[in-house]
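Some notes on the structure that comes next.
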Amino acid sequence: MHAIARAIETPPKPRHGTVTMDPYDIIAAIKKAGSSQKKIADAVNRSPTTVNHVIFGRASSRRIADEISRVTKIPVSKLWPGRYDDKK
């Protein structure tokens with residue numbers, strides 16, 4: 001397996017020992033809610049790639065995190081504990 005493929009498939013380790021929700025579980029929750037990364041990206045005027053980077057912890061965006069939380073009905077604090085301040 002190439003290093004690039006490994007980097008894409010392997011989510012980064014959580015920072016500071018926090019346990020985040022598995023990125024693939026987040027994607028499954030989005031699909032179960034009848035949505036997609038593209039729909040979330042369109043709702044927040046960002047690219048699907050950026051949404052994917054947030055899901056996998058390679059980027060952070062409160063706006064995207066809030067939209068994922070709204071769509072899945074899972075609190076941001078459960079999706080990414082400690083990453084985002086609970087205040088909006």
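Where a number appears in this text, it was derived from the coordinates with a stated rule and is not lab data. For clarity, every value in this text was computed on a predicted model and none was experimentally measured. As a convention, Cβ positions derive from the backbone with ideal geometry for all residues, glycine included, and neighbour counts pool all protein chains shown.
Worth pointing out:
- Straightening the chain between residue 25 and residue 85 buys 19.4 nm, computed as 0.36 nm per residue apart minus the Cα-Cα spacing.
- Cα gyration tensor shape of the stretch 23-79, rounded if a/c is under 1.5, else prolate or oblate by comparing a/b with b/c: rounded
- Environment charge at residue 33 (Cβ cut-off 13 Å; Lys +1, Arg +1, Asp -1, Glu -1): +3
- Gained length - residue 47 relative to residue 63, 0.36 nm times residue gap less alpha-carbon distance: 4.5 nm
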